[in-house]
Amino acid sequence: DYVVVKMIPDNRLPPRHLHSVLTAKTFAVIKWESPYDSPDQDMLYAVAVKDLVRKTDKIYKVKTRNSTVEYTIKKLEPGGKYHVIVQLGNMSKESSMKINTVPLSAPDALKIITENDHILLFWKSLALKESNFNESRGYEIHMFDSLMNITAYLGNTTENFFKVSNLKIGHNYSFTVQARCLYSGQMCGEPATLLYDELGTGEDSSASKSGRSTDVAAIVVPILFLLLVTLGIGFVVLYMRHRRLQNSFMAFANSHYSSRLGSAIFSSGDDLGDEDDEAPMITGFSDDVPMVIA
């Protein structure tokens with residue numbers, strides 16, 4: 001035996017499993033399930049989006065019979081903070097969640113150019129890669145002094161460069177450039193950070209490798225020059241010794257055998273042409289000298 005029981009749907013229940021599927025700069029995809037399985041009629045949902053920064057509200061209506069509902073909230077702002085509430089149109093119990101949209105990207109190619117009494121920060125326009133950024137919004141610049149452990153707000157600009165003066169010798173600084181924060185600093189872009197080592201040399205040690213390579217070159221080039229000079233002198237000395245040895249050898253090789261004297265004469269190379277005293281030679285035997293044979 002069995003019995004079939006059909007439960008009466010309770011439209012006062014809240015939507016289930018509300019969560020975010022995708023969060024971008026200007027939109028967010030949210031997903032939830034109906035208060036009960038397999039609705040037999042269309043259900044009307046109210047999606048309320050509260051902007052926690054601007055303090056504004058927007059309400060969207062979604063009508064569907066699906067058990068799983070996916071909805072895209074559009075016209076959001078980069079770096080914004082939102083509170084999303086989903087409930088049935090009859091103002092039943094609600095499900096809620098918070099969403100933080102992706103902030104604007106950091107400016108690219110941040111670098112430093114050192115002048116006599118100041119430095120210049122340069123970067124690429126953020127509008128080149130961010131269609132949601134307007135140059136009129138501008139950028140803001142911060143500086144962190146690691147020696148004093150102090151962060152300072154230097155100002156903002158609508159240009160792609162910024163002048164920084166009054167840097168102290170021996171201090172290390174970190175500079176950040178980002179899209180200007182809106183609404184009391186609550187909606188900011190991602191910062192681009194650059195380290196600057198100010199040691200009285202007036203050179204940037206982290207903006208690019210050119211500063212350090214210049215310092216290294218100033219040390220390596222003289223050393224290489226000295227090595228080349230030393231090697232050159234060494235080659236000259238070796239060449240001169242080789243020439244002397246060659247001359248001595250040639251003088252030795254030019255020693256000749258004197259057929260007149262019947263002996264070999266060797267010259268030392270220093271006194272060529274000088275002949276030593278020689279003993280009288282035996283030229284033969286006389287006829288009147290008896291030969292004794294033992």
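Taking the square roots of five times each eigenvalue of the Cα gyration tensor of the range 108-197, the equivalent ellipsoid has semi-axes of 23, 15, 10 Å, listed largest first.
Expressed in nm to one decimal, what extension gain is obtained for the pair MET91 and ARG243 from 0.36 nm per residue of sequence separation less their Cα-Cα distance? Let's see the in-between values first.
Details: separation 152, 0.36 × 152 = 54.72 nm, distance 10.93 nm.
Difference between extended and current length: 43.8 nm.
Mean silhouette area of the range 16-100, derived from the convex hull of its C-alpha atoms and averaged over all directions, reads 5.1 nm². So the label point goes 7 Å from the Cα of LYS111 along Cα→C-beta, right? Which residues of the range 127-142 then have their backbone N under 15 Å from it? Of the residues in the range 127-142, none has backbone N under 15 Å from the label point off LYS111. Among the trypsin sites (Lys or Arg not before Pro) in the range 54-141, those placed in a DSSP loop whose Cβ has at most 16 other Cβ atoms within 10 Å are ARG54, LYS55, ARG65, LYS74, LYS75, LYS93, LYS124, LYS129.
For the range 148-188 versus the range 96-112, the inter-centroid distance based on Cα atoms is 17 Å. Among the chymotrypsin sites (Phe, Trp or Tyr not before Pro) in the range 1-79, those located in a DSSP loop and surrounded by at most 11 other Cβ atoms within 10 Å of their own Cβ are TYR2. Legend: residues GLU33, GLU190, sorted from most to least accessible area (1.4 Å probe; ligands, DNA and RNA excluded), read GLU190, GLU33.
At 0.36 nm per residue, and after removing the present C-alpha to C-alpha distance, how many nm does the segment from THR23 to ASN172 gain when stretched out fully?
Values: separation 149, 0.36 × 149 = 53.64 nm, distance 3.73 nm.
Gain on stretching THR23 to ASN172: 49.9 nm.
Using the Cβ-Cβ distance between LYS129 and SER184 with R0 set to 22 Å, the FRET efficiency works out to roughly 0.25.
The values are calculated or read from the model by the stated rules, or taken from the named source; none is laboratory data. Worth saying up front: this structure is predicted, and the values here are computed from it rather than measured. Counting neighbours? That spans all protein chains shown, and the Cβs are built from the backbone with ideal geometry, glycine included. Heads up: the accessible areas ignore ligands, DNA and RNA and are worked out on the full protein's heavy atoms, side chains in. Shrake-Rupley method; radii C 1.70, N 1.55, O 1.52, S 1.80 Å.
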